[in-house]
Every structure is written in structure tokens, then in C-alpha cells.
Amino acid sequence: MPNIKSAKKRVLVTEKKTMRNKAIKSALKTQIKKFLSAIEAGDKEAATKLYPETVSAIDAAVTKGILHKNNANNRKAKLAVKLNSLN
């Protein structure tokens with residue numbers, strides 16, 4: 001445990017940011033799983049509805065600094081290919 005006031009503050013701030021990042025990452029994973037389960041079920045209508053929500057969740061993660069923008073673009077491209085494979 002740190003003794004210096006600024007170090008104590010950094011510990012608190014880091015914990016808060018870690019919890020925020022975990023929450024965002026968890027929500028992102030959940031959204032992607034929903035989309036992929038709709039693809040697995042072959043439910044074209046649900047998958048088409050979930051795709052924009054999933055892309056927007058990925059973009060939000062980029063904005064918050066959870067994902068790198070290239071990683072996000074790769075994920076979105078892979079999801080689009082899976083969505084197009086249903087057609």
C-alpha cells in the first residue's frame with residue numbers, strides 16, 4: 001500500500017478505470033455473443049437487427065480506448081462476412 005498521497009490517488013483512479021474497462025469489455029463480448037448466436041441459429045432477421053447494435057458497441061469500445069481501431073475494423077469485417085454468409 002502506498003504512503004504518498006499522489007500514489008494513493010493513483011491506486012484509486014486505476015481501480016475505477018479498471019472496473020469501467022471491464023464493464024465495457026464485458027458488455028461488448030455479450031453483444032458479440034448475441035449476434036453470433038443469431039448467426040448460428042440461422043435467424044437472418046435477428047442477425048440483421050443485431051448487426052448495427054454490435055458495430056456500435058465495437059465503435060464505443062474504440063472511443064473508450066478498450067480496443068484499437070484496426071482491431072475493431074477487423075472484428076466488424078468478420079461479423080459482416082458472417083452476416084453476408086446467411087444470404
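The values are calculated or read from the model by the stated rules, or taken from the named source; none is laboratory data. None of these values were measured; they are calculated from a predicted model. Using ideal geometry, Cβ is built from the backbone for each residue, glycine included, and neighbour counts are taken over all protein chains shown. For accessibility, only protein heavy atoms count, side chains too; no ligands or nucleic acids. Shrake-Rupley method; radii C 1.70, N 1.55, O 1.52, S 1.80 Å.
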Output the qualifying pairs, or none if there are none: Cβ atoms under 8 angstrom, residues six or more apart or on different chains, first residue in the range 11-40 and closer than 14 Å to Tyr51 by Cβ and in contact (Cβ under 8 Å) with a residue 40 or more places away in the chain, second residue in a helix (DSSP H, G or I) and of a type in the set (Phe, Trp, Tyr).
Phe35/Tyr51
Regarding the range 68-79, can at least one residue be identified that is surrounded by 15 or more Cβ atoms within 10 Å (Cβ to Cβ), among the basic types (Lys, Arg) and touching a residue at least 40 places away in the same chain (Cβ under 8 Å)?
yes
Could you check Val62 against (1) surrounded by 14 or more Cβ atoms within 10 Å (Cβ to Cβ); (2) over 28 Å from Lys78 (Cα atoms) and say which number it fails?
(2)
Just need a number here: residues in the range 12-48 that are over 30 Å from Ser85 (Cβ atoms), open to solvent by 50 Å² or more (accessible area, probe 1.4 Å), aliphatic (A, V, I, L, M) and over 18 Å from the mean Cα position of the chain (by Cα).
1
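So that you can scan it fast, the table gives a plain yes or no per residue for (1) under 13 Å from the mean Cα position of the chain (by Cα); (2) modelled with pLDDT of 95 or more; (3) within 30 Å of Lys16 (Cβ to Cβ); (4) in a loop (DSSP other than H, G, I, E, B):
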position	(1), (2), (3), (4)
Leu50	no, yes, no, no
Glu53	yes, yes, yes, no
Ile58	yes, yes, yes, no
Leu67	yes, yes, yes, yes
Asn73	yes, yes, yes, no
Lys78	no, yes, no, no
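This table checks each residue for (1) polar (S, T, N, Q); (2) within 17 Å of Ala57 (Cα to Cα).
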{"residue": "Pro2", "(1), (2)": "no, no"}
{"residue": "Lys5", "(1), (2)": "no, no"}
{"residue": "Arg10", "(1), (2)": "no, no"}
{"residue": "Lys17", "(1), (2)": "no, no"}
{"residue": "Ile24", "(1), (2)": "no, yes"}
{"residue": "Lys33", "(1), (2)": "no, yes"}
{"residue": "Ser37", "(1), (2)": "yes, yes"}
{"residue": "Ala41", "(1), (2)": "no, no"}
